[in-house]
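A quick write-up on the structure given underneath.
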Amino acid sequence: MRLSYFGHFIDILYSVNHKFEVNMLLTIFYQFFMLGCTSFGGPAAHIGYFRRHFVEHQKWVSASRYANMITLSQILPGPGSSQVGFAIGMEKAGWLGGLAAFIGFTLPSFLIMLLLAFSASQSSDWSTGIISGLKLFAVVIVADAVISMARSFCKTWPLRIISSVVALYLFTLPTLSSQLIALIGALIVGLFAPLSTIPKTPDAEKSSLPWPVLSLIVILFVVCFSLIPDSIFAPFYQAGSLVFGGGHVVLPLLQANLPTVTNEVFLTAYAAAQAVPGPMFTIATYLGALWDGTPNITNALIATLAIFTPGLLLMGAFLNRWQALQAIARFAHISAALNAAVVGLLFAAWLNPIIPSAVSELWHWAIIGVGYGVLTKLKPPIWVMLIAFAAIGLIAH
């Protein structure tokens, strides 16, 4: 009889725990889905949205842990903002949480790009006006992210110098190779310079490389090159494996690897990816849907999953190991240098391409200034700011 009661008690605990996990996954999906519907402005803006929503409002992650997620996303290939979102989801509910965050954040953009591929319609005047207003808000949200992160992660003069040098370098030479050189340079500085006050911890957690996940990524990459080079999966997976810097950088690589897709389709896909909310890597949705000239949902889904898979696997494999390294003094110095470099990188991205793509009139700066003051002083919900800027863009257009 006691065993029966005990078994019934275990069933109740399992049921409660299972219900809690499902509710948590649904919560993660909902939070990221709402952001996926409203996050305009590209990866740099997304990082600003995530920081304000999940660090300041929801308090799902600390500011320092969030900065480490950003740093890791910059080091790994793949879509930076999607990787950060995936990491936030993992923080709450493991791999399933990361998957829920990815699906929620990507689904709105995926559906819009799929609809555009099927309709091949051009943007109307009113939608163009709304998008122009939302781009102005992207200038505001990225400025807020840069200033807030600079206050947190550039507290000493050496870190401020690193951030400033990286920003100047990337503004002068805004290329993929320049970004990699800047991050490698910051890593080297952190390797030899004492930039953090964290003491060395002899008993710090030891963590081996995630060989199973790394092996899977390499195997898929080799298979794409050797066994299925002509499949729709191969070029998108290769692009997701090799590209640092996000959606802007992935376009030339995809264009070289997709000879069946016309230049007109590429330019339309690129314009649409910048106009819709969510990750720019959903350019793969549009290109995959028109892989053979005829819109196809299955091809769109395969292309989308292929381009995101390597970056998300790498983020999931290295996230906890990266955090464990922060207990070791040398890696703490490296992390501090990379965090400062990321601030410079975001500032350079704010200067170019975010400002040039959003600001074309002198009065735009007045709107940006007022918007920044309202955002930082009154701290209204993001959706209120989005509606306000969309209305401004619509009226002005």
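Readers should treat all values here as calculations from the given coordinates under stated rules, not as data from a laboratory. Just so it is clear, the model here is predicted, and its values are computed rather than measured. Note: ideal-geometry Cβ built from the backbone for every residue, glycine included; neighbour counts use all protein chains shown.
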*Can you list which of the trypsin sites (Lys or Arg not before Pro) found in region 35-70 are DSSP loop residues with at most 16 other C-beta atoms within 10 Å?*
K59
*Could you give the nm distance between label points at T298 and A193, where each point is 7 Å from its Cα heading toward the beta carbon?*
5.5 nm
*Let me know the shape class of region 53-106, please: from the alpha-carbon gyration tensor, a ≥ b ≥ c as square roots of the eigenvalues, rounded when a/c is under 1.5, otherwise prolate if a/b is greater than b/c, or oblate.*
oblate
*Within the set K59/K92; K59/K379; K92/K377, which residue pairs have Cα atoms separated by over 22 Å?*
K92/K377
